[in-house]
Amino acid sequence: MAMTPQQLFRRKPVPEMSQESGTDTGQSELVRTIGLFQLSMFGIGATVGTGIFFVLAQAVPVAGPAVIWSFVIAGVVAGLTAICYAELASAVPVSGSSYSYAYATLGELPAIGVAACLLLEYGVSAAAVAVGWSQYLNELFDNIFGFTIPDSLSQAPEQGGVFNLPAVILVLLCTLLLIRGASESATTNAVMVCIKIGVLLLFIVLGLRGWDANNLSDFAPFGISGITSAAGIIFFSYIGLDAVSTAGEEVKNPRRTMPLAILIALVTVTGLYILVTLVAVAAQPSGDFENQEAGLSAILEKVTGATWPATVLAAGAVISIFSVTLIVIYGQTRILFAMARDGMIPELFHRVNPRTHTPVPNTIIVAVLIALLAGLIPINFLAEMTSIGTLVAFLVVSIGVMVLRRTHPELPRGFKVPGYPVTPILSILGCLWIIKDLRAVTIWVFLIWLAVALAWYFIYGFRHSHLGRHEHVGLIHDDDGPAS
């Protein structure tokens, strides 16, 4: 079949997306059971991972106490993008996150490129945090019971182990929850997020006892360059706010709920990060942060003179990673669900179980692949590949806001970006600023991955595109029965 530029950049009409997702009729393929509180916890849960527990050891030696401003700068860049997500989520409230937004604004070929970014972000980061879970689980077991899981069963082969069993168990537990139902998963996540917020608040309250203004006296020893360099390191502690946008078809009143949840998550996460950082840098000299692997727990141990804070913070990290893994696997399955509905990947990923109203085959396939990555590949390689996929997806969302304002100004929007068009332009510049500092090998691997995704599109996606064939996919049950 000959390909023309018009075909490669064909856009999926937003009214068609709204009809498929049941945004205006309430008849969605998935069940709308998630409310504002649960959705806000999605955003907070996916964002507050282990980064804040340990990132200060990398960031403070670069910026000194002025790392507080680094968190503000990173939060502003992430916030600009989150605001753009909020507008698109209210205008196009469907599953698929920025893949669906790109399909509506930039066209089919760019949408496939964005999908590759999202699959990299969600799939690889799920494996990376699952690998980290075994480390913190061992720390918790050691603190409470005085034993650890042997390296052969808690490390990847490259690190001297055989198989990372705890990481695989974590993926399995998350998968069982997700198969059971979106509402149950959201409720479980909300409980875990409240616990990890409580752990960080505990650090703030106890850490204030060690406040010493002298630790803040040499505030910016490395100047503006140190502050901006640290902001690049810290930025990845804000990744996860986009997870809210993957739940578009399971949210009650999505046009209002989705932008509100994104903004609530942004404010909560930024406030927590800045307070934790302020207390941490005031509680000990900035020179003590270098190579301080225990992070916040080491600070509390100094302040309180007790060892129990290490146990509490290890427990917080274990719960935190469980929550992140749950949401990230959820997001991955919903992106694939939207792609299958469009014909970009096989229909199996769009098949919904009639009892649980969840895409069960999709979830199982994703879980198996993530479990293999988590069980066999070390965390440092996995973590490096998460960042660039996220930033490119952020970039596209900011562009998409401007495109949709021009092509569909009449669309109902539950939220509009303030300061338009300055806000999305600043978001684009912020993402490019961080991308330029990424390692060359990360960019090359990303480009190879993007080439593989585009090859898939030209071999399979273009020919099976429902938009190209003017087809519309209905609900497909596991039992191949009639649509409900």
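Bear in mind that the values in this text are calculations on the coordinates, not laboratory data. Every value quoted in this text rests on a predicted model; they were computed, and no experiment measured them. Glycine also receives a Cβ, built like all others from the backbone with ideal geometry; neighbour counts cover every protein chain displayed.
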At the level of C-alpha centres, the distance separating region 104-176 and region 296-341, in angstrom, is 12
Per residue convex hull volume, Cα only, region 85-151, in Å³ is 107
Figure the gain on full extension for Arg355 and Lys252 (residue separation times 0.36 nm, minus the Cα-Cα span) and round it to one decimal in nm.
35.1 nm
Expected sort for Ile227, Ile327 with the fewest Cβ neighbours (10 Å cutoff) up front is Ile227, Ile327
What ranking do 246-253, 283-290, 139-146 get when scored by the average of other Cβ atoms within 10 Å per residue, highest first?
246-253, 283-290, 139-146
Under a point spin-label approximation (7 Å from Cα along Cα-to-Cβ), what is the Glu16-Glu410 distance to one decimal in nm?
1.8
Longest to shortest principal axis, alpha-carbon extents of the chain, angstrom:
67, 48, 40
Determine the alpha carbon to alpha carbon distance for each of Lys12/Lys436; Lys12/Lys252; Lys196/Lys302; Lys12/Lys196 and list only those over 29 Å.
Lys12/Lys436; Lys12/Lys196
HN-Hα J couplings of region 452-461 from phi, Karplus 6.51/-1.76/1.60, θ = phi - 60°, integer Hz, Gly and Pro as x?
5, 5, 5, 4, 4, 4, 5, 7, 10, x
As I understand it, the dipole of region 37-468 uses +1 on the Cβ of Lys and Arg and -1 on the Cβ of Asp and Glu, about the Cα centre. Which of Gly430, Pro409, Ala104 lies farthest toward its positive end?
Pro409
Sort Tyr136, Tyr420 by Cβ crowding within 10 Å, fewest neighbours at the top.
Tyr420, Tyr136
Taking Ile364, Ile83, Ile459 and counting other beta carbon atoms within 10 angstrom, the fewest-first order is Ile459, Ile364, Ile83
Total charge dipole magnitude, the chain, about the Cα centre, Cβ charges on Lys, Arg, Asp, Glu only, Debye to nearest 20
1080
